[in-house]
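So the structure is just underneath, and the comments pick up after that.
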Protein chains: 2
Amino acid sequence: MVQTSADPRVQQKVLEKKREILDAASRVFRRRGLQSTGMRDIAAELGMAVGNLYYYFKDKEELLAFVQEGTLEGLLDLAVQVRKNRLPADARLALLIEGHVVLLNEGIPGSLAHLEVEALREPWRRKVQDQRDAYERTFREILEEGMAAGVFRQTDPKVTAMAILGALNWTVKWFRPDGGKTALEIGRECAELLVRGVMA
Amino acid sequence: MVQTSADPRVQQKVLEKKREILDAASRVFRRRGLQSTGMRDIAAELGMAVGNLYYYFKDKEELLAFVQEGTLEGLLDLAVQVRKNRLPADARLALLIEGHVVLLNEGIPGSLAHLEVEALREPWRRKVQDQRDAYERTFREILEEGMAAGVFRQTDPKVTAMAILGALNWTVKWFRPDGGKTALEIGRECAELLVRGVMA
């Protein structure tokens, strides 16, 4: 990966370039799949020499790790915001669901690459897995609070959390920016479906 | 791929061997991810020479195509069974959800490989995509019937179908046979969550 510079302007420019690369990578991943996309395909999409691409990301795995770390940091920030507010559990769960769908589909480039933790090597894999576990815990906690308050029916919070997360994560496989609905609209429909599904 | 033999006993043996290979491939996919698993890793898991593995599958893509075709044939059979019966829409949706989770997690080896249509080349990709579209249509039809009958609330059947399918497909990422619950139990909990979510 590119050497970090002490100059914040340089850091900012590198970050912008990386986001541009991820945008291009997303488009190629959608067309060709994660597995059959190589660094050469991403460079071609950018009209960039592949050597130049290697300056920003050493290999595809480093690029995937960067996407996933960025995604999970965004999701963990969202979880902190949602936890802070004092709404009842059902309203908090709806906010978390909507925010998740928006973040995955509009907030951060990378699309399909968000989810492929299996594609990562150590130490990235461990780190991303730990972040993911922490994020999943937020769902279980809200479900447990809602059950304790009698707002939600009794379910296995682990299974329910994973079923909800599955519905949300899968949106990156089918959401299209030009599909006639915004990510927020899709997020709200998911929230309606899934929050109703757990109500007492 | 292995040459088809006219002898049904030979065909049966080849099919059994292919299933054994898929079982082994599933284990390696879970450990290393789809992307970083090579034919060599699968052969090693089987204690088989890689040349012998190539006798059954020309490359990893052919193996993935075989898994996905098998999965979708199973799901399409399930859809036919569910459509045939005369239960109300909510009961049919529950049956389809339960059957889907069981089939993906117990019925057919391959686990993670079921879902990676992006990893396929043409003509497999087109074929699998067509089968998948046909299967998704079954969900939309049941949703539309339930809405017309007043059993289900009014939703966008496309978004609802994809949210439901996401929850179900994602189970292959987290279901573990030794996790304390059967695939059928997980399927029932998913059905409870998702059918409640669409009820009027």
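Using the C-alpha gyration tensor of the stretch A:144-189, what are the square roots of 5 times its eigenvalues, in whole angstrom, with the largest one first? Mind dumping the intermediate values first?
Numbers: eigenvalues 164, 31, 6 Å².
In descending order, the three semi-axes are 29, 13, 5 Å.
Count the net charge of all other residues whose Cβ sits under 13 Å from the Cβ of A:Gly150, scoring Lys and Arg as +1 and Asp and Glu as -1.
On the way: positive: A:Arg153; negative: A:Asp90, A:Glu144, A:Glu145.
So the surrounding residues net to -2.
Which whole-number value in Å² is the accessible area per residue of the stretch A:64-196, probe 1.4 Å?
Details: 5400 Å² over 133 residues.
I get 41 Å² per residue for the stretch A:64-196.
Leaving ligands, DNA and RNA out of it, report the carbon-plus-sulfur percent of the accessible area of the stretch A:157-200 at a 1.4 Å probe.
Working: 870 of 1610 Å².
That share works out to 54 percent.
For the stretch B:144-171, list whatever residues lose no less than 50 Å² of accessible surface once every protein chain is in place, relative to that chain by itself, with the probe at 1.4 Å.
Correct list: B:Arg153, B:Val159, B:Met162, B:Ala163, B:Trp170.
Looking at the stretch A:27-126, which trypsin sites (Lys or Arg not before Pro) are DSSP coil and have at most 11 other C-beta atoms within 10 Å of their C-beta? Don't jump to the answer; show the numbers that get you there.
Details: sites: A:Arg27, A:Arg30, A:Arg31, A:Arg32, A:Arg40, A:Lys58, A:Lys60, A:Arg83, A:Lys84, A:Arg86, A:Arg92, A:Arg121, A:Arg125, A:Arg126; in loops: A:Lys58, A:Arg86, A:Arg121.
Those that pass, being in a loop and sparsely packed, are A:Arg86.
Given bins 10 angstrom wide, list per bin the percent of all Cα-Cα distances in the stretch B:64-196, short to long.
Histogram of Cα-Cα distances, whole percents per bin: 13, 44, 33, 10, 0.
Is the shape of the stretch B:113-184 rounded, prolate or oblate, going by the alpha carbon gyration tensor and its root eigenvalues a ≥ b ≥ c, with a/c under 1.5 for rounded and a/b larger than b/c for prolate? All intermediate terms of the calculation are to be shown ahead of the outcome.
Details: a/c = 2.94, a/b = 1.21, b/c = 2.43.
Oblate, because a/c is 1.5 or more while a/b does not exceed b/c.
What do you get for Rg/Rh of the protein assembly as shown when both radii come from the Cα atoms and Rh is the Kirkwood radius? Intermediate values should be presented prior to the final figure.
Working: Rg = 21.9 Å, Rh = 22.4 Å.
Over the Cα atoms of the protein assembly as shown, Rg/Rh equals 0.98.
Whenever you get a sec, compute what percent of the accessible area on the stretch B:1-58 sits on carbon and sulfur atoms (1.4 Å probe).
Working: 1730 of 3480 Å².
Roughly 50 percent of what the probe reaches on the stretch B:1-58 is carbon or sulfur.
So how far apart, in nm, are the two label points at A:Asp23 and B:Tyr54 if each is 7 Å from Cα heading toward Cβ?
Result: 4.3 nm between the two label points.
Return a whole-number percent for the relative contact order of chain A, with Cα pairs under 8 Å and 6 or more residues apart as the contact set.
On the way: 199 pairs, mean separation 49.7, N = 200.
That works out to 25 percent.
For label points placed 7 Å from Cα toward Cβ, what is the shortest-first list of nm distances from B:Pro88 to its copies?
Here B:Pro88 shows inter-copy label distances of 2.6 nm.
What does the copy distance list look like for A:Asp130, label position 7 Å along Cα→Cβ, in nm and ordered from shortest?
Going from nearest to farthest copy, the values are 4.9 nm.
Quick one: of B:Lys84/B:Lys181; A:Lys18/A:Lys181; A:Lys13/A:Lys127; B:Lys13/B:Lys84; B:Lys18/B:Lys158; A:Lys17/B:Lys58, which pairs are farther than 31 Å apart, Cα to Cα?
Checking Cα-Cα distances, B:Lys13/B:Lys84; B:Lys18/B:Lys158; A:Lys17/B:Lys58 exceed 31 Å.
Given the stretch A:38-87, report the % of alpha carbon pairs whose separation exceeds 12 Å. Kindly include the intermediate steps, with their values, before the conclusion.
Values: 838 of 1225 pairs.
Counting every Cα pair in the stretch A:38-87, those more than 12 Å apart make up 68 percent.
Over 5 Å intervals from 0, what percent of Cα-Cα pairs in the stretch B:24-142 sits in each interval?
2, 11, 20, 19, 17, 12, 8, 6, 3, 1, 0
Which distances in nm, rounded to one decimal and ordered from shortest, link the label point of A:Arg153 to the equivalent label points in the other identical copies, with labels set 7 Å from Cα toward Cβ?
1.4
Starting from the Cα of B:Ala148, step 7 Å along the direction of its Cβ; do the same at A:Ser36; then give the gap between the two resulting points in nm.
For B:Ala148 paired with A:Ser36, the spin-label model returns 3.9 nm.
Can you give me the distance in nm between label points at B:Ala200 and B:Glu122, each placed 7 Å from the Cα along the Cα-to-Cβ direction?
4.6
Where in chain B are the helices, taken as whole DSSP H runs, whose Cα atoms extend 24 angstrom or more along the long axis and whose Kyte-Doolittle mean reaches at least 1.0? Show your work: numbers first, answer last.
Values: long enough: B:8-32 (35 Å, -1.10); B:60-84 (36 Å, 0.14); B:124-148 (36 Å, -1.48).
For chain B, where a helix must reach 24 Å along its axis and average at least 1.0, there are no hits.
The values are calculated or read from the model by the stated rules, or taken from the named source; none is laboratory data. In this text, all values refer to a predicted model and were calculated from it rather than measured experimentally. Note: ideal-geometry Cβ built from the backbone for every residue, glycine included; neighbour counts use all protein chains shown. All accessible areas refer to the heavy atoms of the entire protein, side chains included, with ligands and DNA or RNA removed. Shrake-Rupley method; radii C 1.70, N 1.55, O 1.52, S 1.80 Å.
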